[in-house]
Amino acid sequence: MAGQASLEHYKAGMLLSGVGDALGYRNQLWEYNESGPAIHQELQEMGGLQDISVELPDWPVSDDTVLHLATAEALASGKKGEELLHEVAFRYIEGMKDMDGRKPGPSSVWGVSQLRPGAAGGYRVPYNPEGTGCGAAMRSMCIGLRYPHPEQLSTLVSVAVETGRMTHPHPTGFLGAIASALFTSYAVQRRPIMSWGLGLVNEACPIARSFIQSQNYAVEETERDWGYFTEKWKWYLAERGLLSGVGPIFWPNPYGPEERDLAYKSFSLAGWAGRSGHDAPMIALDALLGAGSDWAELMSRAGFHGGDSDSTAVIACCCWGLLHGTEGVPESNYSKLEYRERLESSAERLYALSH
């Protein structure tokens, strides 16, 4: 984990994000299974992670990876400013043509249907009070790979806000995009994980708020709905003893699959853990804090629970790969992953652009 993230770390981050997605999804079987213990039981009966070959047809990636790739490949084009936003919008529309059996969320489907890339302001959609889901969070990790340096924070935030709002204009939704992008930038920087949540609340969210006020778009609605995301994050940091950003971490004891299902539900907006923009990155961070460098433990916490397991895993595994590479990950988990080449080549281009 020493030093800044290397090209190999970048490739592992993008690749393992797809692996976490495919594993947590299990072709719809595990994303919609509401019992973490039942998923762990099935996993054991399959021989554990080391016996799973993540490949088609049984282990496709979900909408999460298709749209993460759309974001990554747009960023990898090297475009900036409004030109970049039109490029992202165009690629989201293209990505929506690749959704057979992948289960995109309603806000993502609705948002993309409203995009008009190339037209003036065509990357913005009407405010949607329902746009609180995790669809923006699950596809934004690559933004932190493109803008990983501390002095690029305001660019990272503005790109995460604008691309997040293309489908999730509600702050609970698009602030999740900032969380995912921020956490990967912190992973590249090797910033201590215990300080990540505090950085989100104290550094990135205020920048986002100022940016939104400067943009003259849905300012009133955004302000009205702003509070929940940061309040819930402060609550989580207090629960874990991380309000100062240094720990020690308070862990429930025991904290196995059954206890985690209950805990993750308590993070959630309406009882479906990881379904929203605030709690998909929250569960991902919780898993990273608890798993250390242990891949199986990371998947146990981030990917095999009774909530939106592919969306929490896609975020956690991207950060984990940036920190640890593929060390300790069974080769069968990633060697034949769907879209492996695209994930790795976008990582190469993002690495080059970030340097």
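The values are calculated or read from the model by the stated rules, or taken from the named source; none is laboratory data. Just so you know, these numbers come straight off a predicted model, no measurement behind them. Every residue, glycine as well, gets a Cβ built from its backbone with ideal geometry; the counts of neighbours run over all protein chains shown.
The table for this structure:
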quantity	calculated
Those residues of segment 2-48 which are closer than 19 Å to GLY292 by Cα, among the aliphatic types (A, V, I, L, M) and over 21 Å from the mean Cα position of the chain (by Cα), in sequence order	ALA2
Hits in segment 278-294 (condition: surrounded by fewer than 24 Cβ atoms within 10 Å (Cβ to Cβ) and not in a loop (DSSP other than H, G, I, E, B))	LEU288, LEU289, GLY290, ALA291
Verdict on VAL54 being surrounded by 24 or more Cβ atoms within 10 Å (Cβ to Cβ), in contact (Cβ under 8 Å) with a residue 40 or more places away in the chain and more than 18 Å from the chain's Cα centre (by Cα)	yes
Filter result for the condition that a residue is charged (D, E, K, R) and closer than 12 Å to LEU16 by Cα, over GLU297, GLU331	GLU331
Scope segment 79-113; condition surrounded by 14 or more Cβ atoms within 10 Å (Cβ to Cβ) and in a loop (DSSP other than H, G, I, E, B); matching residues	LYS79, MET99, ARG102, LYS103, PRO104, GLY105
Residue list for segment 128-159, filter: surrounded by fewer than 24 Cβ atoms within 10 Å (Cβ to Cβ) and assigned to a helix (DSSP H, G or I)	PRO150, GLU151, GLN152, LEU153, SER154, THR155, SER158
Subset of segment 235-262 that is buried (at least 18 other Cβ atoms within 10 Å of the Cβ) and not acidic (Asp, Glu) - its residue that is farthest from GLY303 (Cα to Cα)	LEU242
Residues within segment 91-108 that are under 16 Å from LEU69 (Cα atoms) and of a type in the set (Gly, Ala, Ser), tallied	2
So ILE193, is it over 24 Å from ALA313 (Cβ atoms), surrounded by 14 or more Cβ atoms within 10 Å (Cβ to Cβ) and hydrophobic (A, V, I, L, M, F, W, C)	no
Flag for GLU162 being crowded, with 19+ Cβ neighbours inside 10 Å, among the acidic types (Asp, Glu) and out of contact with any strand residue (DSSP E or B) (no Cβ under 6 Å at 6 or more places or on another chain)	yes
Leading residue by the ranking (farthest from SER268 (Cα to Cα)) among those in segment 305-334 that are of a type in the set (D, E, K, R) and outside any loop (DSSP other than H, G, I, E, B)	GLU331
Any pair with Cβ under 8 angstrom, 6 or more apart, that starts in segment 252-277 at a residue that is under 25 Å from THR167 (Cα atoms) and in a helix (DSSP H, G or I) and ends at one that is at pLDDT below 95 and not hydrophobic (A, V, I, L, M, F, W, C)	LYS265/GLY271
Qualifying residue in segment 80-88 (condition: touching a residue at least 12 places away in the same chain (Cβ under 8 Å) and under 30 Å from GLY271 (Cα atoms))	no
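Quick grid of which residues meet (1) at pLDDT below 95; (2) not β-branched (Val, Ile, Thr):
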{"residue": "GLU31", "(1), (2)": "yes, yes"}
{"residue": "GLN50", "(1), (2)": "no, yes"}
{"residue": "ASP58", "(1), (2)": "no, yes"}
{"residue": "THR65", "(1), (2)": "no, no"}
{"residue": "HIS68", "(1), (2)": "no, yes"}
{"residue": "PRO104", "(1), (2)": "no, yes"}
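One line per residue, one yes/no per condition, for (1) under 21 Å from ARG349 (Cα atoms); (2) without any contact (Cβ under 8 Å) to a residue 12 or more places away in the chain; (3) not small (Gly, Ala, Ser):
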position	(1), (2), (3)
GLY111	no, no, no
ALA160	yes, no, no
SER180	yes, no, no
ARG191	no, yes, yes
